[in-house]
Amino acid sequence: MNIDDNIWETVEPHWWKWMVRNTPITGIIWHATRSGQRDFDPETEYGATLNWFRSPNNVKYDGEGQPWYGGMSNYVIGGGRVCIAVPEEYAPRYSAGVHDFSAISIEVAQPLNDMPYDARDIALCRELADDIAARYGIPRGRLQNVSGGVIGEVGHEDTAQGIGDGKSDPGKLFWKAYLEGDDMTPVEAQQIASAVFDDNFSDYFMRAMQQ
């Protein structure tokens, strides 16, 4: 598996962003970056995510004003590139709560929840998952309603922590592309998104159809 970038050197000093694992790796947790910027392309979204992961401002404080956790993942995929943010022997803190200890966490570039994933990134997701699954003996296929350790592949939306916090990533557009093929047309993507999201988002797909 080709790795394009590695930002661990700048993440490691921020001890609140990662933890030593206390259980074997048995799963993969998929996330979407979701910057909220409609004008971001996958390359820009990828770069913005790496900048945030490196930032000392990526921190949540506890009730006593001490650093508690920062939003992180083991890998970031976007714009046809793959980055290591936190090595696999460490768990990101905080990606999906208790589930993080048993799973590799992967963020995939998607600026907004109604925007289709880049086909290059879906291909890299499959390649990275193949590599991780082969090394750790992880069963393939989507799990749902996971309450503890992850054994297989799961979306943040399907973990107990994600369900409790109302997470929707990586979403139906990811699973459609990742599990069923990456040749989805803008019309097909719009049909999926419209079943979940407000119709006000449909302008993105209409523009995509005209390109």
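Each reported figure results from applying straightforward, stated rules to the coordinates on display, with no laboratory input. Computed from a prediction, not measured in an experiment: that's the story for all the values here.
State whether region 88-170 is rounded, prolate or oblate according to the following rule on the C-alpha gyration tensor (a ≥ b ≥ c being the square roots of its eigenvalues): a/c under 1.5 gives rounded; otherwise a/b larger than b/c gives prolate, and the remaining case gives oblate. All intermediate terms of the calculation are to be shown ahead of the outcome.
On the way: a/c = 1.64, a/b = 1.05, b/c = 1.57.
Here region 88-170 falls in the oblate category.
Taking N as the number of residues in the chain, what value does Rg over Cα atoms divided by 2.2 N^0.38 Å take? Don't skip to the end; give the middle numbers.
Working: Rg = 16.6 Å, N = 211, 2.2 N^0.38 = 16.8 Å.
My calculation over the Cα atoms of the chain gives 0.99.
List the lysines whose Cα lies under 19 Å from the Cα of K167, skipping any in the same chain that are fewer than 8 positions away.
Partners within reach: K60, K176.
Tell me, what are the semi-axes, in whole angstrom and largest first, of the equivalent ellipsoid of region 1-95 as set by the roots of 5 times the Cα gyration tensor eigenvalues?
Listed largest to smallest, the semi-axes of region 1-95 are 22, 18, 12 Å.
At a Cα cut-off below 16 Å, give the aspartates and glutamates reachable from K17, other chains included and same-chain residues fewer than 8 away excluded.
E9, D62, E88, E89, D100, E107
Convert each backbone phi in region 149-155 into a coupling constant with the Karplus relation 6.51 cos²θ - 1.76 cosθ + 1.60 (shift: θ = phi - 60°), then list the ³J(HN,Hα) values in order as whole Hz, x for Gly and Pro.
Per residue, the Karplus-derived 3J(HN,Hα) values read x, 9, 10, x, 10, 9, x Hz.
Decide, for region 135-174, between rounded, prolate and oblate: order the square roots of the alpha carbon gyration tensor eigenvalues as a ≥ b ≥ c, take rounded if a/c falls under 1.5, and otherwise choose prolate if a/b is larger than b/c, else oblate.
It comes out oblate by the Cα gyration axes.
Per the helix-only calculation at 222 nm, which mean residue ellipticity applies to the chain, given -39500 (n - 2.57) for every DSSP H run of n ≥ 4 and division by its residues, nearest 500 deg cm²/dmol?
Details: 7 runs with 66 residues, N = 211.
Dividing the helical sum by the residues of the chain leaves -9000 deg cm²/dmol.
Computed on alpha carbon atoms, what radius of gyration and Dmax characterise region 42-145, expressed in Å?
14.6, 44
Normalised by the residues of the chain, what does the relative contact order come to in percent, with Cα pairs under 8 Å and at least six apart?
24
Hey, what angle do you get for helix 119-136 against the long axis of the chain, alpha-carbon based, 0 to 90 degrees rounded to 10?
Roughly 40 degrees, rounded to the nearest 10.
Normalising by the residue count of region 6-96, find the relative contact order in percent from Cα pairs under 8 Å and 6+ residues apart.
That works out to 40 percent.
Would you grab the residues whose amide H sits under 5 Å from the one on G155? Only those 5+ places off in sequence or on another chain, please, with H modelled 1.01 Å from N.
Answer set, sorted by chain and number: W30, L143.
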